[in-house]
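Heads up, the thing below is written out as structure tokens.
The values are calculated or read from the model by the stated rules, or taken from the named source; none is laboratory data. The model shown is predicted, which means the values in this text are computed figures rather than measured ones. Quick reminder, even Gly has a Cβ in these numbers, built from the backbone with ideal geometry, and neighbours come from all protein chains shown.
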Amino acid sequence: MVGPNGAGKSTIMKAILGLFNYPSGKITIDGQPVSQTSHQALEKVGALIEYPGIYPFLSGLQHLELFSNDGVSKQQVMEIVDKMKMGSYIKRKAKTYSLGMKQKLGIALALVNHPEFVILDEPMNGLDPQANKDLRTIIMDLAKQGTTFLISSHILSELEKLIDDLVVIDKGQIVYRGDMATLESDSTRSMVLQTSDNDKAKDILTQNGYQLIDSDEGHISIVEDEKTKMADIIKLLSTNDIEIEDVKHVHSDLETSLLNLLQNDKVKEG
Amino acid sequence: MVTLVKQELFKLVHKKSTWITSVLMLVIMTIYAFIARNNANTFDPKAIYIGLFTGMTWVVFFMIAASSSIISMEFQYGTIKELLYRKYYRGEILVSKWITMFLYSVYFMLLAFVYALILKVTVLNSNFQLSENYGYKHSILTTTIYTSLAQFVSLWLILSLVLLLANLFKSSAAAISVGIIGYFAISIISSLLAIVIKKWTWLKWNPLNMMNYPNQVASPSLKHITLLSTNELLIGSLVYMAIFLGISYVVFKRRSV
């Protein structure tokens, strides 16, 4: 789940967890309704919302003991500690933890009861690159075993490596829902040329049926499709005595697609 | 529910303040026992023993602090979300906290009572006998038990208010202040209260008047001032307790976090 600040990501997550009083609509998990007063469906759900809630007077291990269900053995708790690489400080009081350590503990708390559905709000907050990678591995492993994850994040490059489906929300509305590949392929691929005579080149290319993207920045952008061949373009320009100085392929990534999407959303509103 | 109470107790026993306050209370009680023995002419050792060597007052203080923090700390530490999103009903979470506080208050009362007995037979052994008559027809020991039980009722009247305020304001500071002021208010404004009650009789049902219950158990003549019988005070206290806890329950169930 992606969206700008204040779009309503945490609010949606809180509503799913029965923390929030929603005026209309219906939320079900696995067919069971969830509301403030009906929590039975949350038995198999783990979550970390906003920032991790930590008791300063308990150690990390005591937190995990406190929140683990009766069926979870000490060994299983330690497995999570090892996976998150928290062993060196898990017995220390949580008030001595750094931001990243607290974040890891929060994630461990979300996973400790082996939930089938895990909700993580900005899970990469405060994590160092190594911890980030570890978390990714844990999430991928659990997902392979059948755990469903709902993750919100601003770090799109991280999300790209993790997700199957994407929901983009803005001002409480869904503006995109689908897989990542579709969002990316929606965006145009283009070839950017730098020539000795851009104006002349533009005319020639248009006359020969190439579609150009308007730009005054001293280069030419050609919309690429399956038929566009670089060899043809080079041939066409060199026969007209235009030198090609530089060629680049530009493929917009998730970030660009997303920013375009949100931009369009604003335009529509205006 | 048993699991939830166990979890609350787990948090309670791992808090340092839980043990520091217990030790502090015992130390202060010991000091008072020695003061009572060495100044038997100025202080009445019997009266001091019946007041559990001021232990009861400390139980009230520490319980007010503990009750306000057991709810407000969850908001302060952000743990309220972790607490609430689980499979348990919200009401169960709140009630588990009440039960934990009840157990804690029983622990404190027993600790104060038993330690007062120990101080009596060690430090103050020769000063008086527990079987002596004290005041109205009862022995000193029986009087102490009755007074302590009555104070326990009063304690819970205050605690139910503290639990409500901590829940409303999500902050322990407000709840602690009101709790402590409420506890002392009765001795400060009792004379004023007596005048007001005499003028508008229906005001005898106000919660502050209910705080007179332990005093009236100790000296029944107080009924001419409270204008209520001892049993009416007891029932009144219980009704107010139920009202305060009831509002807490409704507020907690509806809150969005």
Of all residues in the stretch A:220-236, count the ones that are part of a loop (DSSP other than H, G, I, E, B) and surrounded by 11 or more Cβ atoms within 10 Å (Cβ to Cβ).
2
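Quick check: is even one residue across the stretch A:149-157 modelled with pLDDT of 85 or more and either in contact with an Asp or Glu (Cβ under 6 Å, 6 or more places away or on another chain) or assigned to a helix (DSSP H, G or I) (or both)? Spell out the reasoning first.
Our first condition is that a residue be modelled with pLDDT of 85 or more; within the stretch A:149-157, this holds for A:149-152.
Imposing the further condition that a residue be either in contact with an Asp or Glu (Cβ under 6 Å, 6 or more places away or on another chain) or assigned to a helix (DSSP H, G or I) (or both) reduces the set to A:152.
Yes, the stretch A:149-157 contains at least one residue that is modelled with pLDDT of 85 or more and either in contact with an Asp or Glu (Cβ under 6 Å, 6 or more places away or on another chain) or assigned to a helix (DSSP H, G or I) (or both).
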If you go through the stretch B:247-254 one residue at a time, do you hit one that is free of Cβ contacts under 8 Å to residues at least 24 places away in the same chain and within 14 Å of chain A (Cβ to nearest Cβ)?
yes
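Do we find a residue being closer than 30 Å to B:LYS15 by Cβ, more than 7 Å from every other protein chain (Cβ to nearest Cβ), in a helix (DSSP H, G or I) and modelled with pLDDT under 90 anywhere in the stretch A:3-10? Lay out the reasoning, then the answer.
Taking the stretch A:3-10 and keeping what is closer than 30 Å to B:LYS15 by Cβ, we get A:10.
Those still in the list that are more than 7 Å from every other protein chain (Cβ to nearest Cβ) too: A:10.
Imposing the further condition that a residue be in a helix (DSSP H, G or I) reduces the set to A:10.
Okay, now just the ones that are also modelled with pLDDT under 90, so A:10.
Checked against the condition, which is being closer than 30 Å to B:LYS15 by Cβ, more than 7 Å from every other protein chain (Cβ to nearest Cβ), in a helix (DSSP H, G or I) and modelled with pLDDT under 90, the stretch A:3-10 yields at least one hit.
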Are there any pairs, at least 6 apart or on different chains, whose C-beta atoms fall under 7 Å, with the first in the stretch A:34-50 and within 20 Å of B:LYS253 (Cα to Cα) and more than 9 Å from chain B (Cβ to nearest Cβ) and the second loosely packed, with under 14 Cβ neighbours inside 10 Å and of a type outside the set (Gly, Ala, Ser), and if so, which?
A:VAL34/A:THR28
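Hey, can you tell me all the residues within the stretch B:67-97 that are in contact with a Leu (Cβ under 7 Å, 6 or more places away or on another chain) and surrounded by 17 or more Cβ atoms within 10 Å (Cβ to Cβ)?
We begin by selecting, within the stretch B:67-97, every residue in contact with a Leu (Cβ under 7 Å, 6 or more places away or on another chain); these are B:67, B:71, B:74, B:81-82, B:84-88, B:90, B:92-93, B:96.
Across the stretch B:67-97, the qualifying residues are B:SER67, B:ILE71, B:GLU74, B:LYS81, B:GLU82, B:LEU84, B:TYR85, B:ARG86, B:TYR88, B:ARG90, B:ILE93, B:SER96.
How many residues are under 14 Å from the mean Cα position of the chain (by Cα) and either away from chain A (no Cβ under 14 Å) or surrounded by fewer than 22 Cβ atoms within 10 Å (Cβ to Cβ) (or both) if we restrict to the stretch B:26-66?
Counting residues in the stretch B:26-66 that are under 14 Å from the mean Cα position of the chain (by Cα) and either away from chain A (no Cβ under 14 Å) or surrounded by fewer than 22 Cβ atoms within 10 Å (Cβ to Cβ) (or both) gives 14.
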For the stretch B:196-206, check the following and say yes or no: at least one residue is within 16 Å of the chain's Cα centre (by Cα), assigned to a helix (DSSP H, G or I) and among the hydrophobic types (A, V, I, L, M, F, W, C).
no
So, in the stretch A:39-77, how many residues would count as being surrounded by fewer than 18 Cβ atoms within 10 Å (Cβ to Cβ), touching a strand residue (DSSP E or B) at 6+ places or on another chain (Cβ under 8 Å) and outside any helix (DSSP H, G or I)?
3
